[in-house]
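Since the structure comes first, as structure tokens, the remarks are kept for the end.
Taken together, the values in this text are just the output of simple stated rules run on the coordinates, not laboratory data. Nothing here was measured: the structure is a model prediction, and the numbers come from that model. For neighbour counting, all protein chains shown are included, and Cβ atoms are generated from backbone atoms with ideal geometry for every residue, glycine included.
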């Protein structure tokens, strides 16, 4: 095999597919990236058997061929080569020579025939969504998936499509994030759970341009994302997702309208007094036209008042400040509305159309 590619094209391709290279595996071939120039185009592929990524890059094929190369060393070489054309030559013993200007690397590769290609998945029905929208809805929900494998379903996000409504849900046992968007077309009902890892990696690859689209295909066991010159194939998380609608309520005793930036900045300041790992709640005391925020820790205490519009009863309630910050950071509106019942019941932050809903469970606290 003999290829000539611009360093920028190669580096970009290697960075994209490297996201599917496992950090730990007993199968050495999975630590490799497959370079396939046997079919007239240059494709790079990585596959950890749960997530697979394939991307096509521009370059000149002087001799067709296929080789598997250690992903880590290949990425580091690409990063540190000069910004010029890169030539990759392999021989029948899987030896690889990489040259760029005066730099020359000789490394050992592996047979491409041993590599696990991406599963061949029927791509029939798909939904089309802009890269900007997909990147945004991932950003606005991904923070509330669980990183604990005890409940696999919590490590993924629910993708639910009904007609032209696309609903995305994540939860970790302490909070729920829901985003709803309207699609241009109507689709058959789809309900799948996509791994959080897959969505995190896709979010990093997407350019986020509003005029570029992603086609998403669903099967019983896989989801396929197709955009630009890249294909991402992921296994779905199997099982019945939680009955979210039963956890949501429109009842409230107290409704608060507040400036989002002011509220966020105030909580942010309060967390200066919380050491990492400490579980100190922020205590919110809601009265007519004013909200008092208080925090007490081993470092000191802080309290601050914010003007609000209130309907309903006075209320004192405690929250994990991080959970409030995570939700507030991804809401774009200037003002938010909070719906509360009592100090033990969930708080809802949502807009009138319910295009977003953030449910946050309160925490116990003692008033000092």
>> So if each residue of separation counts as 0.36 nm, and I subtract the Cα-Cα distance between residue 72 and residue 344, what length gain in nm does that give?
In response: 93.0 nm
>> Taking each pair of distinct Cα atoms in region 2-114 once, what is the resulting Kirkwood hydrodynamic radius in Å?
In response: 13.8
> Kirkwood Rh over Cα pairs of region 248-360 into Stokes-Einstein at 4 °C, 1.567 mPa s: D in µm²/s?
Replying inline: 91
>> For a protection proxy built on the mean count of beta-carbon atoms within 10 angstrom, sort 2-8, 320-326 highest first, please.
In response: 320-326, 2-8
> How many angstrom lie between the C-alpha centres of region 1-76 and region 190-224?
Replying inline: 21
>> Taking 2.2 N^0.38 Å as the expected size of a compact globular protein, what ratio does the Cα radius of gyration of region 126-246 give against it, to two decimals?
In response: 0.99
> Sorted from fewest to most neighbouring beta carbons within 10 Å, what does the list 102, 279 look like?
Replying inline: 102, 279
> Efficiency by 1/(1 + (r/R0)^6): what FRET value for residue 25 and residue 106, r their Cβ-Cβ distance, R0 = 22 Å, to the nearest 0.05?
Replying inline: 0.30
>> Test of understanding: what is the full-extension gain from residue 364 to residue 238, defined as 0.36 nm times their sequence separation minus their Cα-Cα distance?
In response: 41.9 nm
>> Quick check on the chain: helices-only [θ] at 222 nm, where DSSP H runs of length 4 and up contribute -39,500 (n - 2.57) each and the sum goes over total residues. Nearest 500, please.
In response: -5000 deg cm²/dmol
>> Order these by the 10 Å Cβ neighbour count, fewest first: 347, 266.
In response: 266, 347
>> Using Cβ counts within 10 Å as a stand-in for footprinting exposure, how do 203, 186 rank, fewest first?
In response: 186, 203
>> Please compute the length gained on full extension between residue 278 and residue 79, using 0.36 nm multiplied by the number of residues separating them and subtracting their Cα-Cα distance.
In response: 67.7 nm
> Say each of residue 259 and residue 125 gets a label point 7 Å from the Cα, pointing the same way as Cα to Cβ; how far apart are those two points in nm?
Replying inline: 4.8
> Once label points are set 7 Å from the Cα along Cα→Cβ at both residue 97 and residue 162, what is their separation, rounded to one decimal in nm?
Replying inline: 6.4
> Taking the mean number of other Cβ atoms within 10 Å as a proxy for protection, how do you rank 243-252, 287-296 from highest to lowest?
Replying inline: 287-296, 243-252
